[in-house]
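Take a look at the structure below.
Only the coordinates and a few stated rules stand behind these numbers; no lab work does. Since we're looking at a predicted model, the values are computed, not measured. Backbone-built Cβ (ideal geometry, glycine too); neighbour counts: all protein chains shown.
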Amino acid sequence: MTESAPSIVKNVAPVNLELLVLVVKANRASYFANLIQGSEANIQLITQASGTSEKAIMDYLGLKQSNRAAVFSIVREDKIKDLLEILKEKFDSIKDGGGIAVTVPLSSMVGLLAYGFLSNDKRTITNE
């Protein structure tokens, strides 16, 4: 009598994820969130932003006191370089469209389905 072998889950080499934090004028936040979504980022959170930076730091970064928003997105590591280049281009080409973008690597992710959604990896959410 032969027992059927348990189904083997195909290995999916994970792509590292990064948290992209973008600070822009509040009236431009939706535009940038949509732009980021085009880089296969499945989630964006937009929130009002304010800071306590000294005037010298604000001047150095080219920021003026105005209504700001922070856009938090989870982006695949392999998409970050191109996305940051696109953001820089938009910062430079849109009148008063400047902002700040930084990334923070995410070191762990709990749950295959959560990872699959956040990384836009359809292989992890299909049952093949």
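Can you give the net charge of the other residues whose Cβ lies under 13 Å from the Cβ of Pro105, counting K and R as +1 and D and E as -1? Don't skip to the answer; put the middle values down first.
Values: positive: Arg76; negative: Glu18, Glu77, Asp78.
After counting each charged neighbour, the total is -2.
Hey, what do the phi angles of segment 81-96 turn into as Karplus ³J(HN,Hα) couplings, whole Hz, using 6.51/-1.76/1.60 and θ = phi - 60°, x for Gly and Pro?
Values per residue, Gly and Pro as x: 4, 5, 5, 5, 5, 5, 4, 4, 4, 5, 4, 7, 9, 8, 4, 6 Hz.
Distance in nm between label sites at Ala26 and Ser50, each 7 Å beyond Cα in the beta-carbon direction?
Output for this residue pair reads 1.0 nm.
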